[in-house]
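K.L.:
This is the structure, below, for whatever I ask next.
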Amino acid sequence: MSAEPLLEVSDLSVRFDTDEGPLQAVDRVSFTLAPREVLGIVGGSGCGKSVTCMSLVRLLPQTAAVTGSAVFDGVDLLALGPRRLRRVRGREISYIFQEPMTSLNPVFTVGDQIGEVVRRHLGLSRRAARQRAVELLQLVRIPAPERRVDEYPHQLSGGMRQRVMIAMALACDPKVLIADEPTTALDVTIQAGILDLMREIRERLGTAIVLVTHNLGVVADIADRVIVMYAGRKVEEAPAEELFAAPQHPYTVGLLGAIPRPGERQERLEEIPGRVPAAAAPLEHCVFADRCRFADETTRTQVPALRAVRRDHLVACFHPEADRAA
Amino acid sequence: MLVVASIVVFGGVRAIPGNPAIALGAENRDPAVIAAVKAKYLLDKPLPVQYGHWIWLAVQGDLGVDQRQLSVGHTIASRLPISLELAALSMIVSVIVGIPTGVITAVRRGKPSDYAATGVALIGLSVPHFWLGLMAIIWFAVDLHWLPAGGYVTAHHPIANLKHLLLPAVVLGIGFAAVLMRQMRSSMLDSLGTDYVRTARAKGLSEWSVVCKHAFRNSLITVTTVLGLQLGALISGIVTIEVIFGIPGFGSLTIDAINQRDYTLIQGVVLVVACGYVIVNLLVDVVYSLLNPRIRTI
């Protein structure tokens, strides 16, 4: 992607002060997002992908210490005052959460909750906001929007609620949509519908999307570019097709090996041995060293820097696939 | 529900030691007089007959006459408004004090103001009404002469009326404010940690609307339930407060009736309280369903 980036994140680190001591959740992560781009962030549970995204609009609890910068539209989101930050949230950068069942307020109607965003940011009247809510419900393909707009969240199914969340996120035509595991809580057929919807949104509205997921299938489906995270670090970044065709980092290779392939008979899916490390401070060696087949002395004593193995293909590994093939 | 209450009332009154016929006959222990009294009040009949007679008249709105031959219905009607006024005032005090402090302490959790308010609430919760009432009288009435020590002035003189009720209402209200504040604080803390509050923040809403709209509305649901449960405590609180402050309300009427072994009066009083309890709980349920759409649409 050669266009001027919409969002440029540099050296983002997040540390939590917990009762058990500090926890380094994200360690010096940098990436960019171009207009109209769909960027997938993949990784296992606890790899810091959600924390990374939430820190961008500063939705993390106060126990989180965030450093680095996230420049959006010329301003650093991490240094923004609360008032200006609120003008970005929901208007420029919207967020869709993983849990559609609990992310909507049970005591307000769907229309209220969608309308609230446009009333706040665009200053619409109550009546105009309701009209806009109906349009948005239509946009996210909720049947009978005129009726649904006055319903409460408990009257809707999980998939419908996620559509409402998407409608709410799109209410002000944001430039960036952060979708944090939007399909994880939904069953497979509903998932496909939501992904279709997100693809359509990108086509029709030109919204750039950051899609956080642990599901590589989802990423392969709609992402242009993919970042693989492991234990708080970015370990690989590549255009989606390239990543699937020629993964470089042993972790990515492992992840792809763990995907069941229809038609291929396999006795057992491949797994990556060991556990994800939880660090109190940034590790001074490769985060994947303990679980890596190719780990050696260098891996255990030095931090691998990100380097380009091909154009647009970065990997933080001393022994990427490309080197071993050579 | 009310039938059960009425039977308990009836049985309970009769379980109180002491003989009303003797109490009525005063010094006159003449068996003939006592027998006449018993016959007049059906005290010589079996209990089920007495109950049937009483309840039959009660459902028609006639609670009978007390020992002084005054209509129980009228006595209650003249005393009840005084207590209702006291109850309403103390509720207002407790809501005005309890709800905002609950919200504020939840928002400022862990800060000195939170600890201070929670500490004061704990004291408010632990101190019994009667002691607080006595202290308030000594301080504000006897020492400072700010407010009258007790008594009651009818609402025809609104200022004097309020002056007389202010101290008892505050004393009674403070205890409830503490309960309300603690409840509000904990349910606000729950609400503030929910996903939908995070959603509200992600939408770019102001902190005011995140707290006072999204979190507050949900917290009210639990607080309303607790408020309904506190009603029993409010009624018993009114009884002691009225006695301490010499307010001729429903509570002091109850105490007098019990001291006099005035069966009809006690029965009438307690039946009215039971009705009131049921009605208020019904109101609480209605409010609850208005606040909680998940109940409304089932």
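K.L.:
Whether any residue in the range A:19-26 is within 14 Å of chain B (Cβ to nearest Cβ) and either open to solvent by less than 30 Å² (accessible area, probe 1.4 Å) or in a loop (DSSP other than H, G, I, E, B) (or both) is what I want to check.
P.N.:
Yes, that holds for at least one residue.
K.L.:
Here's a follow-up. Criterion first (closer than 26 Å to A:GLN131 by Cβ, surrounded by fewer than 24 Cβ atoms within 10 Å (Cβ to Cβ) and more than 14 Å from chain B (Cβ to nearest Cβ)) does A:GLU242 satisfy it?
P.N.:
For A:GLU242, the condition - closer than 26 Å to A:GLN131 by Cβ, surrounded by fewer than 24 Cβ atoms within 10 Å (Cβ to Cβ) and more than 14 Å from chain B (Cβ to nearest Cβ) - is not met.
K.L.:
Okay, next question. Which pairs have Cβ atoms under 6 Å, sit 6 or more apart or on different chains, and link a residue in the range B:147-162 that is crowded, with 16+ Cβ neighbours inside 10 Å to one that is not in a helix (DSSP H, G or I)?
P.N.:
Taking only residues 6 or more apart or on different chains, the pairs are B:GLY150/B:GLY246; B:TYR152/B:ILE247; B:TYR152/B:PRO248; B:ASN161/B:VAL153; B:ASN161/B:ALA155.
K.L.:
Would you point out which residue out of A:ARG91, A:ARG120 is at the interface with another protein chain (Cβ under 10 Å from one of its Cβ atoms), open to solvent by 60 Å² or more (accessible area, probe 1.4 Å) and part of a loop (DSSP other than H, G, I, E, B)?
P.N.:
Only one candidate passes the filter, namely A:ARG91.
K.L.:
Take A:PRO182 and decide whether it is surrounded by fewer than 22 Cβ atoms within 10 Å (Cβ to Cβ) and not in a helix (DSSP H, G or I).
P.N.:
no
K.L.:
List the residue pairs whose Cβ atoms are under 7 Å apart, where the first residue sits in the range A:152-168 and is within 16 Å of A:THR183 (Cα to Cα) and more than 12 Å from chain B (Cβ to nearest Cβ), the second is small (Gly, Ala, Ser) and buried (at least 19 other Cβ atoms within 10 Å of the Cβ), and the two are 6 or more positions apart or on different chains.
P.N.:
Partner pairs satisfying both residue conditions: A:GLY158/A:ALA185.
K.L.:
In addition: Looking at A:VAL218, A:VAL149, A:VAL164, A:VAL176, which one is under 20 Å from A:THR32 (Cα atoms), surrounded by 19 or more Cβ atoms within 10 Å (Cβ to Cβ) and not polar (S, T, N, Q)?
P.N.:
A:VAL176
K.L.:
I'd like to check something: does the range A:102-113 contain any residue that is open to solvent by 10 Å² or more (accessible area, probe 1.4 Å), more than 7 Å from every other protein chain (Cβ to nearest Cβ) and touching a Gly at 6+ places or on another chain (Cβ under 8 Å)?
P.N.:
No, the range A:102-113 contains no residue that is open to solvent by 10 Å² or more (accessible area, probe 1.4 Å), more than 7 Å from every other protein chain (Cβ to nearest Cβ) and touching a Gly at 6+ places or on another chain (Cβ under 8 Å).
K.L.:
Out of curiosity, is B:THR154 among the polar types (S, T, N, Q), at pLDDT 80 or above and within 24 Å of B:LEU234 (Cβ to Cβ)?
P.N.:
no
K.L.:
Continuing with the same structure: So which residues in the range A:32-75 are among the charged types (D, E, K, R), open to solvent by 40 Å² or more (accessible area, probe 1.4 Å) and closer than 21 Å to A:ARG233 by Cα, if there are any at all?
P.N.:
A:ARG58, the sole residue that qualifies.
K.L.:
Report yes if A:ILE227 is touching a strand residue (DSSP E or B) at 6+ places or on another chain (Cβ under 7 Å), under 30 Å from A:ALA258 (Cα atoms) and modelled with pLDDT of 90 or more, otherwise no. Give the derivation first.
P.N.:
Values: touching a strand residue (DSSP E or B) at 6+ places or on another chain (Cβ under 7 Å): yes; under 30 Å from A:ALA258 (Cα atoms): yes; modelled with pLDDT of 90 or more: yes.
Spelling it out, A:ILE227 is indeed touching a strand residue (DSSP E or B) at 6+ places or on another chain (Cβ under 7 Å), under 30 Å from A:ALA258 (Cα atoms) and modelled with pLDDT of 90 or more.
K.L.:
Moving to a separate point now. Looking at the range A:202-212, which of the residues that are in contact (Cβ under 8 Å) with a residue 24 or more places away in the chain and open to solvent by 10 Å² or more (accessible area, probe 1.4 Å) is farthest from A:CYS47 (Cα to Cα)?
P.N.:
A:LEU205
K.L.:
Do we have any residue at all in the range B:61-70 that's open to solvent by 30 Å² or more (accessible area, probe 1.4 Å) and either at pLDDT 80 or above or assigned to a helix (DSSP H, G or I) (or both)?
P.N.:
In the first step, residues of the range B:61-70 are kept if they are open to solvent by 30 Å² or more (accessible area, probe 1.4 Å); the result is B:61-62, B:65, B:67-70.
From the residues that got through so far, the ones that are either at pLDDT 80 or above or assigned to a helix (DSSP H, G or I) (or both) too are none.
For the range B:61-70, residues open to solvent by 30 Å² or more (accessible area, probe 1.4 Å) and either at pLDDT 80 or above or assigned to a helix (DSSP H, G or I) (or both): absent.
K.L.:
Search the range B:214-267 for residues being under 25 Å from B:THR101 (Cβ atoms) and over 20 Å from the mean Cα position of the chain (by Cα), and hand back the single one that is surrounded by the fewest Cβ atoms within 10 Å (Cβ to Cβ).
P.N.:
Among them, the one singled out is B:ARG217.
K.L.:
Same structure, new question: Do we find a residue being open to solvent by 40 Å² or more (accessible area, probe 1.4 Å), at pLDDT 85 or above and aliphatic (A, V, I, L, M) anywhere in the range B:105-118?
P.N.:
Taking every residue of the range B:105-118 in turn, at least one turns out to be open to solvent by 40 Å² or more (accessible area, probe 1.4 Å), at pLDDT 85 or above and aliphatic (A, V, I, L, M).
K.L.:
While we're on this one: Does B:CYS275 fit the bill of being in the same structural domain as B:SER126 (by TED's automatic domain parsing), open to solvent by 10 Å² or more (accessible area, probe 1.4 Å) and either modelled with pLDDT under 85 or farther than 30 Å from A:THR102 by Cα (or both)?
P.N.:
Criteria met by B:CYS275.
K.L.:
Only helices (runs of 4 or more DSSP H) wholly contained in the range B:134-249 count here; list those with 3 or more residues that are within 14 Å of chain A (Cβ to nearest Cβ) and under 24 Å from B:VAL95 (Cβ atoms). Steps first, please.
P.N.:
Numbers: elements: B:158-192, B:195-202, B:216-229, B:231-245.
Passing ranges, in order: B:158-192, B:216-229.
The values are calculated or read from the model by the stated rules, or taken from the named source; none is laboratory data. Quantities reported herein were computed from a predicted structural model and do not represent experimental measurements. Positions of Cβ are generated from backbone atoms using ideal geometry, with glycine treated the same way; all protein chains shown enter the neighbour counts. For accessibility, only protein heavy atoms count, side chains too; no ligands or nucleic acids. Shrake-Rupley method; radii C 1.70, N 1.55, O 1.52, S 1.80 Å.
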